[in-house]
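One structure is given here, and the rest of the page talks about it.
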Amino acid sequence: MNRLTTPIKTPSWLTKCYQAPVDPKYMTTGVEADLLLFTTILNEPTSGYVAWATNCFQDAASGRPIVGQINFNLAYLNVDNLNYESTVKVLIHEVMHILALSSGLYTSFIDGNGLRYPAASLMADYKNPSGVVGK
């Protein structure tokens, strides 16, 4: 991965990164970073998720995500010292969804020559233990 050489500036239409408000300073001044990450916290005990993440904006040249949001659900996130390691694992897992592990990003993947991979080559057929074939 190559570092960004200019500040991340969000477009004027990006006033929210999914649920997170985007400060107008990111549209004008920008920020020296490779990823602008907004974090939100909700308490939703009936939802059944620990966290979720999404990318909100991709670099025009490379297609790589440069703005994203992670939301943590306090109802299922235990932040005491005994569970610190599992909390960090959740954070890493969610950042990976923003950076690459999201099917909406697959067509933005580029090879070593800077060319986008053909969509058909990005998903392979597989058979699960029950014999069901999928992509």
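Quick notes
- Residue satisfying all of: in the range 1-45; small (Gly, Ala, Ser) and in a loop (DSSP other than H, G, I, E, B); surrounded by the most Cβ atoms within 10 Å (Cβ to Cβ) among these: GLY30
- In the range 2-13, the residues that are at pLDDT below 90 and among the aliphatic types (A, V, I, L, M) reach residues that are assigned to a loop (DSSP other than H, G, I, E, B) and surrounded by 12 or more Cβ atoms within 10 Å (Cβ to Cβ) with C-beta atoms within less than 7 angstrom, at least six apart or across chains, in these pairs: LEU4/ASP34.
- The lone exception for LEU105 - which of (1) among the hydrophobic types (A, V, I, L, M, F, W, C); (2) surrounded by 13 or more Cβ atoms within 10 Å (Cβ to Cβ); (3) modelled with pLDDT of 80 or more it fails: (3)
- Some residue of the range 55-67 being under 17 Å from VAL88 (Cβ atoms) and small (Gly, Ala, Ser): no
- For the range 80-94, the criterion of a residue being in contact (Cβ under 8 Å) with a residue 12 or more places away in the chain and among the aromatic types (Phe, Trp, Tyr) is satisfied by no position.
- Residue list for the range 65-101, filter: open to solvent by less than 40 Å² (accessible area, probe 1.4 Å) and not in a helix (DSSP H, G or I): PRO65, ILE66, VAL67, GLY68, GLN69, ILE70, ASN71, PHE72, ASN73, LEU77, ALA100
- Within the range 12-50, the set of residues being farther than 17 Å from ILE98 by Cα and touching a helix residue (DSSP H, G or I) at 6+ places or on another chain (Cβ under 7 Å) comprises SER12 only.
The values are calculated or read from the model by the stated rules, or taken from the named source; none is laboratory data. Keep in mind that what you see is a predicted model, and the values were worked out from it rather than measured. So basically every Cβ, Gly included, is an ideal-geometry build from the backbone, and we count neighbours across all protein chains shown. The accessibility values were calculated without ligands, DNA or RNA, using every heavy atom of the protein model including side chains. Shrake-Rupley method; radii C 1.70, N 1.55, O 1.52, S 1.80 Å.
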